[in-house]
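The values are calculated or read from the model by the stated rules, or taken from the named source; none is laboratory data. Computed from a predicted model, the values in this text were never measured in an experiment. Note: ideal-geometry Cβ built from the backbone for every residue, glycine included; neighbour counts use all protein chains shown.
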Ligand SMILES: Cc1cc2nc3c(=O)[nH]c(=O)nc-3n(C[C@H](O)[C@H](O)[C@H](O)COP(=O)(O)OP(=O)(O)OC[C@H]3O[C@@H](n4cnc5c(N)ncnc54)[C@H](O)[C@@H]3O)c2cc1C
């Protein structure tokens, strides 16, 4: 691997290449599709503001949560939507779903002001485990993708793993099962087996 070709046609040469483009990671040809196939699971969320205190702590309920910030705002989430392709739009349905559940749990939320409403595609591998590390069959090509619902938390250790592999340092974590791979889809048959892994991220 000597680099990448940009959409403009410009060639960028590099000693190492890391594919870390979330749900789009598998879209760069057949090797990327094989080693970094991702499904984009859309998630929508809201931020609201309230002059009166609505909650002092995180409230978690079926398919949702309300998270107070240190100021007067609250994060409210979220949807988990499959089969959306690469459509990362926020939708009316998502808005209604999130606020309906939030209001059932915390009725006073209806007096809050909407600050932001957004959507993103969570990158999910077929077996719902991250793909992290060197691509076995291509020199100098690495993948860091598939972090699904825990990408913020896994970011520092993912960066450490990739840095160590690129610099030829020992990786002191059990990451064999995260090696970029053609993952077997998670289904009823293999779900119990997969759940024995520490790395599976639940839907
Ligand atoms: C509503 C919602 C709430 C969430 N809450 C949490 C949470 O509380 N805690 C947590 O840990 N995680 C949370 N997540 C999950 C977290 O956002 C993801 O796990 C994380 O963003 C994945 O990081 P990533 O860098 O792999 O992919 P992304 O964040 O998707 O970043 C990939 C980037 O690559 C860019 N890109 C794609 N193709 C190209 C290209 N050809 N060239 C250049 N750039 C490209 C994309 O535009 C994107 O900016 C949440 C997700 C959503 C949607």
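Working only within segment 37-69, note down all residues that are within 16 Å of the ligand (Cβ to nearest atom), under 17 Å from residue 114 (Cα atoms) and not in a strand (DSSP E or B).
69, the sole residue that qualifies.
Please count how many residues of segment 160-186 are out of contact with any strand residue (DSSP E or B) (no Cβ under 8 Å at 6 or more places or on another chain) and within 16 Å of the ligand (Cβ to nearest atom).
Final tally of qualifying residues: 2.
With (1) surrounded by 14 or more Cβ atoms within 10 Å (Cβ to Cβ); (2) within 16 Å of the ligand (Cβ to nearest atom); (3) at negative phi as the list, and residue 146 as the residue in question, which single condition is left unmet?
Looking at each condition in turn, residue 146 falls short on (3).
Just checking, which of 61, 34 is surrounded by fewer than 18 Cβ atoms within 10 Å (Cβ to Cβ) and either at pLDDT below 95 or touching a helix residue (DSSP H, G or I) at 6+ places or on another chain (Cβ under 6 Å) (or both)?
Criteria check complete, one pass: 61.
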